[in-house]
Each structure stands twice: as structure tokens, then as C-alpha cells.
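Before any comments, here is the structure.
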Amino acid sequence: MQKIYKFFLTIAMGFKPIAIMIIVLATVNAANAQVTKLPSWAFGPFIRPANLNPIISPDTTSQFFDPMNQKQWHWESNDTFNPAAAVKNGKIYVIYRSEDNSGKGISQRTSRLGIAETTDGTTMKRFSKPVLFPADDNVKEYEWRGGCEDPRVAVTADGTYLILYTEWNGKVPRLAAATSRDLFKWKKYGPVFKQAYNGQFFDIQSKSASIVTKLMNGKQVIAKVQGKYWMYWGEKNVYAATSTDLVNWEPLVNADGSLKILFSPRDGYFDSIFTECGPPSVITDKGILLFYNGKNSDINGDKNYASNTYCGGQALFSLNDPTKIIARLDKPYFIPEEAFEKSGQYPAGTVFTEGLVYFKSKWFLYYGCADSRVAVAIYDPAKVK
């Protein structure tokens, strides 16, 4: 908004005062049409730190010995995006999706998950090897050769980290789980819906899991809701699933056995194509806050946003009934603004949120930029009246 304001103000310098006022008011109104004041139940605003983003970009020099290709491999040379995040020992660890150059186009390359650490939330120390990747293991058939995509990470109160990510074999994308105590060595469990309902949902397309968390003694941890772990998931629609062990999940279904839809895309809104679940959900004093990524249609979407743009949305669910939606933003709280958010693999414009952590009394939101870079934005509750 500040950039737009300065641009039009510069133009207006050559006009009379009344013209300047008209132009400035028009500029402010246009910006307000994109991002409106948030209700009290929502998180934000999330502010991009000045002159720091993107914080992770492709690296053509890093390589590791790839067990599938059986040779040294430049695993993050093409794109780095869609990050998860977790806090450990006073640092934030960002686990991000990386793509090599083994193919052309989105989903045609192999994805692996890299890791970086930061003590301030923005300055990254990257590690040269991925931490989760296709290998000759028990889930090879689900991960090769598409790889490991789009992680979300959260931690239990006793320090077990859970990663929910997409296994992609070029045929069916499946939600999968892995656990770790240190964020570097992971135990893979495979598709999370494999056992539920005798495998009824094993072969369906499943992506994007947002597990429910809460703040406990200043630490964001995985929470149970009514005695079970709970997650929202889905790409086109928002669904839910529960678990007793974090690795085997049971989707919520209707009486006829079909998946229970909690909410869907809306005609005329920024989320008119997809409502894809984002980072871990957070229990607040208002309910369960779900962050999601809305994709806009050029036919029946919100004309304030470009065709196929991904923007950030928020929805609030009842803690007493986690399937009941209480409120939902009609305008996005986060939109593509920077040049690197509107160029790359996905030039339509993308801010794709997947990582959210509570760190030093602030909320750090990590997101993918146009499927090519990683950036961060920060919400400071102390600065919001």
C-alpha cells in the first residue's frame, strides 16, 4: 500500500491540490479493497520485514549423494518454496520444499525437503543436505520420482516433531506422516489414511494438513480436541480428520460414507477455486483459527485480484464443535505484493502459507513465493490494539 501511495503521489505532484486529494483517496480506497481491517478473532497484520525477503532462494552449489540416482545431486537448484517451521532450543528451523532440475514444469521435477535455522527468524543458516527425500525405503512407491512436497510441522509437549507432507509418485498425491526428535532424522510412516475405513481413502488425492495446536507456557504445541488429535486438510475443499497416535488418521465422513466438507470455494471471492489448508491451526480464546490459501478464479472470482492468484485466508471454528465454522474472512489478510511473489514458476502471484511459529512473543509466518522462493512476515500482537 505504501508503494502504491508513493507512486500516485509522485504523479500527483504536477496537479492542483484537489487533484492530489482525489488521487490519494482513490489509491487508499483501492488498497483497502484488497486488505481490510481484521476482526478481533483473526491474526494480523503480518508485516514483511524491510529489505530481507526472500530469505531462501535456489542454490546451484549444494549437493548430496542421492540414493535413488546413486550419485551426487544438485537437489535445490531450480526452486525453493512452501516452507514449514518449528522452534527448537531457542531457534526457528525452516523446512522447505526444494526442486531439482530433473524435469520441466510444476510437479515434473523431484522434490526434497531442506532445512535452515535462524536465531532471529529472518537470517538463515542453511544446511547443504536435505532432511526428507525419496530413498530405497518402505515408502519408495509413494515418493518416487515426484518426491516429498509441501510440509507442515508441529511439535508435541514432550518434544516429538510431526511432519505432515505430500508423497508424490507422479500418479496420486497422498498425505503422509513422519516423526523426529531433532528435525534432521525422520521416521517415515507413509500415507496417513491407509488404514482408515479399510483403505477407502487410501487412493484418493489428499494434500495440505493443518494440525491443531495451542500455546502452553509460551510454547506452541500439538493439542487434543475432545480427546483426539485433530487436523484440517484438503486442497479444493476443507475436510477434517482425527487421530490417537498422530500417524494414522481417520477422515470425518457423512452418514453415506462420503467425506464431510467443512467449507468450500466461494463464487465472487478470492478463494473461488481452492481453499487449501495452510500452517498449523491455533486454539485461541475465540475458537480454532485455521489459516488457508485461497486461489482466485478469473471467471467467478474477486475482480480485485488477478486470475489464479493465491492469497491468505483465515477461518474460525468452534472449539466445542470443531466442524462448525463460526467466521471466515471475506477479504484476504495476505496478498502477493513483492516482485518475487509475482514471478518464478507461478507468475500469477502466490503467497502460499505453510509455516507458523510463536517465537519471542511474535508469530512468524513462512510462505512460498510464486513456487520459487521462501519469505517471512511477522505479526506482533503487542502492537495491535
If residue 84 satisfies all but one of (1) touching a Pro at 6+ places or on another chain (Cβ under 6 Å); (2) closer than 20 Å to residue 117 by Cα; (3) not in a strand (DSSP E or B), what's the number of the condition it fails?
(3)
I need the full set of residues from segment 228-261 which are farther than 20 Å from residue 353 by Cα, in a strand (DSSP E or B) and not polar (S, T, N, Q), in order please.
228, 229, 241, 249, 250, 251, 253, 259
Could you please let me know if residue 149 is surrounded by 20 or more Cβ atoms within 10 Å (Cβ to Cβ), over 17 Å from residue 64 (Cα atoms) and in contact with a helix residue (DSSP H, G or I) (Cβ under 8 Å, 6 or more places away or on another chain)?
no
Does any residue of segment 343-356 turn out to be surrounded by 24 or more Cβ atoms within 10 Å (Cβ to Cβ), of a type outside the set (Asp, Glu), touching a strand residue (DSSP E or B) at 6+ places or on another chain (Cβ under 9 Å) and under 17 Å from residue 52 (Cβ atoms)?
yes
Among all residue pairs at least 6 apart or on different chains, which show Cβ distances below 6 Å where the first residue, located in segment 24-51, is closer than 27 Å to residue 284 by Cα and in a loop (DSSP other than H, G, I, E, B) and the second is among the basic types (Lys, Arg) and at pLDDT 50 or above?
36/331; 41/286
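Across segment 52-98, which residue is surrounded by the fewest Cβ atoms within 10 Å (Cβ to Cβ) among those that are of a type in the set (A, V, I, L, M) and under 22 Å from residue 160 (Cβ atoms)?
Going through segment 52-98, the residues of a type in the set (A, V, I, L, M) turn out to be 52, 55-56, 68, 84-87, 92, 94-95.
Filter again for under 22 Å from residue 160 (Cβ atoms), leaving 84-87, 92, 94-95.
On the way: 84: 28, 85: 28, 86: 24, 87: 18, 92: 23, 94: 25, 95: 30.
Restricting to residues being of a type in the set (A, V, I, L, M) and under 22 Å from residue 160 (Cβ atoms), the top hit is 87.
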Is there any pair linking a residue in segment 335-348 that is closer than 15 Å to residue 295 by Cβ to one that is surrounded by fewer than 20 Cβ atoms within 10 Å (Cβ to Cβ) and of a type in the set (Gly, Ala, Ser), with Cβ under 7 Å and at least six apart or on different chains, and which?
348/306; 348/307
Whether any residue in segment 235-250 is in contact with a helix residue (DSSP H, G or I) (Cβ under 9 Å, 6 or more places away or on another chain), surrounded by fewer than 24 Cβ atoms within 10 Å (Cβ to Cβ), modelled with pLDDT of 95 or more and not hydroxyl-bearing (Ser, Thr, Tyr) is what I want to check.
yes
Would you check which residues across segment 303-329 are in a loop (DSSP other than H, G, I, E, B), touching a strand residue (DSSP E or B) at 6+ places or on another chain (Cβ under 9 Å) and either surrounded by fewer than 16 Cβ atoms within 10 Å (Cβ to Cβ) or not aliphatic (A, V, I, L, M) (or both) and list them?
305, 308, 309, 318, 322, 323, 324
Being small (Gly, Ala, Ser), over 19 Å from residue 374 (Cβ atoms) and in contact with a Leu (Cβ under 9 Å, 6 or more places away or on another chain) is the filter here, so list the residues in segment 309-341 that pass it.
313, 315, 327
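Quick one: in segment 262-302, of everything that is of a type in the set (Val, Ile, Thr) and part of a strand (DSSP E or B), which residue is surrounded by the fewest Cβ atoms within 10 Å (Cβ to Cβ)? If you could, list the steps in order and put the result at the bottom.
Going through segment 262-302, the residues of a type in the set (Val, Ile, Thr) turn out to be 273, 275, 282-284, 288, 299.
Keeping just the survivors that are part of a strand (DSSP E or B) gives 275, 282-283, 288.
Numbers: 275: 28, 282: 21, 283: 19, 288: 25.
Ranking the qualifying residues of segment 262-302, first place goes to 283.
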Residue 154 vs (1) buried (at least 22 other Cβ atoms within 10 Å of the Cβ); (2) over 22 Å from the mean Cα position of the chain (by Cα): all pass except (2)
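Among the residues of segment 203-214 satisfying the criterion of being in contact with a strand residue (DSSP E or B) (Cβ under 6 Å, 6 or more places away or on another chain) and of a type outside the set (Lys, Arg), which is nearest to residue 293 (Cα to Cα)?
The extreme case among them is 208.
The values are calculated or read from the model by the stated rules, or taken from the named source; none is laboratory data. Quick caveat: nothing in here was measured; it's all calculated off a predicted structure. Because the Cβ atoms are built from the backbone with ideal geometry, glycine has one as well, and the counts that use them run over all protein chains shown.
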